[in-house]
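Quick one: the structure is below, questions incoming.
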Amino acid sequence: MSLIEIRDLHKRFGAVEVLKGIDLDIAAGEVVAIIGKSGSGKSTLLRCMNGLESHEAGSITVGGKVLLQDEEHLRALRLEVGMVFQQFNLFPHLTAGRNVMLSPMVVKGLAEAEAKPIAEKVLARVGLAEKFGSFPDQLSGGQQQRVAIARALAMNPKALLCDEITSALDPELVNEVLAVVKSLAADGMTLAMVTHEMRFARDVCDRVLFMHQGRIHESGRPEDVFASPKTPELQQFLGALS
Amino acid sequence: MAYQFDFVDVFKYTDVLARGVGLTVTLIGVGGTIGIAVGIAGAWARGYSGNRALEWLVAGYVEAIRNTPFLVQLFFIFYGLPSLGVRLTEVQAALLAMVVNLGAYATEIIRAGIEAVPRGQREAGASLAMTRMQVFRHVVLRPALQKIWPALSSQLVIVMFGSAVCSQIAAEELTYAANFIQSRNFRAFEVYFVATGLYLVLALLLRQGMRSLGGWLVFGRRA
Amino acid sequence: MIDFTAWDIVRNLLLAARWTVALSLVAFALGGLVGLLVLFARVGRAKPLRWGAVAFIEVFQGTPLLMQLFLVFFGLPLVGVDTPAWFAACLALTLWTAAFLAEIWRGCVESVPKGQWEASASLAMNYLQQMRHVVLPQALRLAVPPTVGFSVQVVKGTALASIIGFVELSKASTMITNASFQPFTVYGAAAAAYFLLCFPLSAWSRRLERTLHVAHRN
Ligand SMILES: Nc1ncnc2c1ncn2[C@@H]1O[C@H](COP(=O)(O)OP(=O)(O)OP(=O)(O)O)[C@@H](O)[C@H]1O
Ligand SMILES: [Mg+2]
């Protein structure tokens, strides 16, 4: 059974249908890249998978449990599926360590003494053990994004959703973040990531989804998708990149 | 035209003035604290309770208070409420009126601060499985208060100035003390001149106090 | 004792409300004029005028309106000026309004980009011409919503005139209460009357603010 199952998912903003029937299975440990033009619905799909957007029709199932829209179910889902944002969204009034500890403490009810070692561990995991006491505005973009990853990891999720997590970074900071993602993938973390880093998608991902106008237009193993795209839309998309 | 200003006659009543200052400070200290708490609760109710009826109720409260004079609110509480069986002393009525008044303005101010917190912050909290209440308390509130702390401080000063009318229900604060003194020594101008100076000083101290309190409470960087 | 019907109460309050409206209009209009003068002094180049304007604003914003009212009411007679309550109320409210409006408008004037001053100066305009033809027209757009918003404060501020004996809405409420022994109804009705005066202004100000923001974004 897949960890995440999406069946015929529809989502509209007002009159505009943004997702027009998505079917998607993601197995535990799988690393999936989502690519596509701006406005094709990539973020919306990811946000639906975290319950940040509601959907009108279809279903999302995580670990055998169907996602319902009430707060209890949403929170249960979010305990299983973490999210990392393009703009980091670190809490500016808290240190890196406190950013990571906050949710384990208030959501899981851990004591400070229990949360602290977890925070130290996940910060070390992203190579920032020594930044425990730094505030977000004292960190570089790449470091902030790694703290954001650590913050999601501290909840011990089964899967991580990453929405263009390197797009807001200066080019020289991209690699330190991708290296963290790569090591997570190697450790067996389930990942769904929207990305424009085609080389990374090719090297690290098990599967590539190409979204076009609210549908998964083409998908497959990265070597196939990148080497011999079947649809003219994907050919055009990849052509525009090179 | 040969009026001789005489301030000595005012300073004979220093103890009366001091008691008046004392009550004014107490009123704004206690009323301010509770009023801000009401404002936080109100802002929560407007944006985070997810309860439509409560949202409308708070919106109605805020509009009712912001569109009527403090003096009338005070009279309504002190003279009007006893007919509902709620009988308050002068000081209790003054305090309640200040809390109710500040609470409404603080609700609006804090709500504006909350709306200025980027949506991504709330989403990050939600994606970490926090409840709306947890997001409000741990993610949104402090940055929001930081943003509006100066506005809140100004509002507190306005409420303190407004408290001068509590003299009208014989709450013995600074203006009441001034009224009392001028009824004794017939030096109205001198007395009110001194009282005005005292209010000026109190406002400066209040602002400074809010700065220190803010630095400690909402701007403090605790590791 | 006279028997007061609800209609008696409302009728008397409405009659008194005329004076609240009149006082508000006078204070707002004169306050606007004086405020404009203070504004010119405040953002102008002449240092003494600027300091004078700053001091004026600080004093009237930094002390209670009630104290200002008392000082005018009790102070002017000392220098031989006959000061009935209505005159003291008009004067104090005008000065107080002027201070607040000048400060509100200063914010609007200062948000007009420096380049506009420089460009108009380079066209050989003097200070008054710059203000009149270049800066104020641009600041005006921003100034309207908060100015309308402040008019609510003026209406509420007139209630303090009751304390020196000017018979407007609040004073009338107290007088009717003393005659009718119905404080709950009377003060409730007075509050409703103020609300009817103020709420449309508040709502209008908010609407103006919103349209300004929308226009700003596009
Ligand atoms: N909150 C919203 N309200 C209305 N329309 C929205 C909203 N969010 C997204 N959309 C619209 O939905 C469509 C898909 O948006 P989405 O953000 O999913 O695209 P994307 O593939 O992530 O694009 P990008 O590469 O630019 O991030 C777009 O047309 C967008 O304008
Ligand atoms: Mg996107």
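The values are calculated or read from the model by the stated rules, or taken from the named source; none is laboratory data. Computed from a predicted model, the values in this text were never measured in an experiment. Ideal geometry is used to build each Cβ from the backbone, glycine not excepted, and the neighbour counts take in all protein chains shown.
Does C:Ala139 count as part of a helix (DSSP H, G or I) and within 14 Å of the chain's Cα centre (by Cα)?
Answer is no for this residue.
Also: Check A:Val225, A:Val194, A:Val208, A:Val174 and return the single one that is surrounded by 18 or more Cβ atoms within 10 Å (Cβ to Cβ), modelled with pLDDT under 95 and within 20 Å of the chain's Cα centre (by Cα).
Residue meeting the stated conditions: A:Val174.
Also, I was wondering about something else. Return yes when C:Ala159 is under 15 Å from C:Asn12 (Cβ atoms), at the interface with another protein chain (Cβ under 9 Å from one of its Cβ atoms) and of a type in the set (A, V, I, L, M) and no when it is not.
No.
Is it the case, given these coordinates, that A:Glu5 is within 16 Å of ligand 1 (Cβ to nearest atom) and of a type in the set (D, E, K, R)?
Working: within 16 Å of ligand 1 (Cβ to nearest atom): no; of a type in the set (D, E, K, R): yes.
No, not satisfied.
If C:Leu136 meets every condition in (1) closer than 30 Å to C:Leu76 by Cβ; (2) more than 14 Å from chain B (Cβ to nearest Cβ); (3) surrounded by 18 or more Cβ atoms within 10 Å (Cβ to Cβ); (4) not small (Gly, Ala, Ser) apart from one, which number is that one?
Checking C:Leu136 against (1) closer than 30 Å to C:Leu76 by Cβ; (2) more than 14 Å from chain B (Cβ to nearest Cβ); (3) surrounded by 18 or more Cβ atoms within 10 Å (Cβ to Cβ); (4) not small (Gly, Ala, Ser), the one that fails is (1).
Looking only at residues in segment C:57-80 that are within 30 Å of C:Asn126 (Cβ to Cβ) and buried (at least 19 other Cβ atoms within 10 Å of the Cβ), which one is farthest from the other protein chains (Cβ to nearest Cβ)?
Within segment C:57-80, the match that is farthest from the other protein chains (Cβ to nearest Cβ) is C:Ile57.
Here is a follow-up. Take residues that are within 17 Å of C:Thr158 (Cβ to Cβ) and tell me which of the helices (runs of 4 or more DSSP H) falling wholly in segment C:31-121 contain 2 or more. Working first, answer last.
Details: elements: C:47-61, C:65-75, C:85-110.
It comes to C:65-75, C:85-110.
Quick check on segment A:78-120: of everything there that is within 8 Å of chain B (Cβ to nearest Cβ) and in a helix (DSSP H, G or I), which residue is nearest to ligand 2 (Cβ to nearest atom)?
A:Arg78
Assuming A:Thr44 fulfils every condition listed in (1) free of Cβ contacts under 8 Å to residues at least 60 places away in the same chain; (2) within 13 Å of ligand 1 (Cβ to nearest atom); (3) closer than 30 Å to A:Gln138 by Cα apart from one, which condition is it?
So A:Thr44 meets the others, but not (3).
Only one of these conditions is not met by B:Val117: (1) crowded, with 18+ Cβ neighbours inside 10 Å; (2) in a helix (DSSP H, G or I). Which number is it?
With (1) crowded, with 18+ Cβ neighbours inside 10 Å; (2) in a helix (DSSP H, G or I) applied to B:Val117, the lone miss is (2).
Something else now. With the condition being in contact (Cβ under 8 Å) with a residue 12 or more places away in the chain, buried (at least 22 other Cβ atoms within 10 Å of the Cβ) and under 14 Å from the mean Cα position of the chain (by Cα), I'd like the helices (runs of 4 or more DSSP H) fully within segment B:1-108 carrying at least 2 qualifying residues.
Those helices (runs of 4 or more DSSP H) span B:14-47, B:70-75.
Which condition number does B:Trp149 fail, the rest of (1) closer than 22 Å to B:Ile36 by Cα; (2) more than 14 Å from chain A (Cβ to nearest Cβ) being met?
B:Trp149 satisfies all of (1) closer than 22 Å to B:Ile36 by Cα; (2) more than 14 Å from chain A (Cβ to nearest Cβ) except (2).
Here's something else I'd like to know. Does C:Leu160 qualify as being part of a helix (DSSP H, G or I) and in contact (Cβ under 8 Å) with a residue 40 or more places away in the chain?
Yes.
I'm checking my understanding of the structure. Among residues of segment A:37-75 that are in a loop (DSSP other than H, G, I, E, B) and either over 18 Å from the mean Cα position of the chain (by Cα) or hydrophobic (A, V, I, L, M, F, W, C) (or both), which one is nearest to ligand 2 (Cβ to nearest atom)?
A:Leu52
A further question follows. Give me the residue from segment A:28-41 that is surrounded by 15 or more Cβ atoms within 10 Å (Cβ to Cβ) and within 8 Å of ligand 1 (Cβ to nearest atom) and, out of that set, nearest to the other protein chains (Cβ to nearest Cβ).
By that ranking, first place goes to A:Gly41.
Okay, next question. Collect the residues in segment A:76-109 that are more than 16 Å from ligand 1 (Cβ to nearest atom) and β-branched (Val, Ile, Thr), keeping them in residue-number order.
Once the filter is applied, which keeps residues that are more than 16 Å from ligand 1 (Cβ to nearest atom) and β-branched (Val, Ile, Thr), segment A:76-109 yields A:Val81, A:Thr95, A:Val100, A:Val106, A:Val107.
So, one more: Answer yes if at least one residue in segment C:178-189 is surrounded by 18 or more Cβ atoms within 10 Å (Cβ to Cβ), within 14 Å of chain B (Cβ to nearest Cβ), part of a helix (DSSP H, G or I) and among the small types (Gly, Ala, Ser), and no otherwise.
Yes; the residues of segment C:178-189 include at least one that is surrounded by 18 or more Cβ atoms within 10 Å (Cβ to Cβ), within 14 Å of chain B (Cβ to nearest Cβ), part of a helix (DSSP H, G or I) and among the small types (Gly, Ala, Ser).
On to the next question. Return yes when B:Glu173 is acidic (Asp, Glu) and more than 30 Å from A:Gln69 (Cα to Cα) and no when it is not.
Yes: the conditions hold for B:Glu173.
Would it be correct to say that A:Ile34 is of a type in the set (A, V, I, L, M, F, W, C), farther than 23 Å from B:Gln121 by Cβ, within 19 Å of the chain's Cα centre (by Cα) and more than 16 Å from ligand 2 (Cβ to nearest atom)? Working first, answer last.
Numbers: of a type in the set (A, V, I, L, M, F, W, C): yes; farther than 23 Å from B:Gln121 by Cβ: yes; within 19 Å of the chain's Cα centre (by Cα): yes; more than 16 Å from ligand 2 (Cβ to nearest atom): no.
So A:Ile34 fails the test.
Which residue pairs have Cβ atoms under 6 Å apart, sit 6 or more places apart or on different chains, and have a first residue in segment A:196-214 that is at positive phi and a second that is in a loop (DSSP other than H, G, I, E, B) and within 14 Å of ligand 2 (Cβ to nearest atom)?
A:Gly214/A:Gly41
Between a first residue in segment A:10-27 that is away from every other protein chain (no Cβ under 14 Å) and a second residue that is within 9 Å of ligand 1 (Cβ to nearest atom) and assigned to a loop (DSSP other than H, G, I, E, B), which pairs have beta carbons less than 6 Å apart while being 6 or more apart in sequence or on different chains?
A:Val18/A:Gly41; A:Val18/A:Gly214; A:Leu19/A:Gly41; A:Leu19/A:Gly214; A:Lys20/A:Gly214
Scan segment C:41-56 for residues that are away from chain B (no Cβ under 14 Å) and surrounded by fewer than 14 Cβ atoms within 10 Å (Cβ to Cβ) and jot them down.
Those that are away from chain B (no Cβ under 14 Å) and surrounded by fewer than 14 Cβ atoms within 10 Å (Cβ to Cβ): C:Arg45, C:Ala46, C:Lys47, C:Pro48, C:Trp51.
Here is a follow-up. Among the listed residues A:Ala148, A:Ala179, identify the single one that is away from ligand 1 (no atom under 16 Å from the Cβ) and in contact (Cβ under 8 Å) with a residue 24 or more places away in the chain.
A:Ala148
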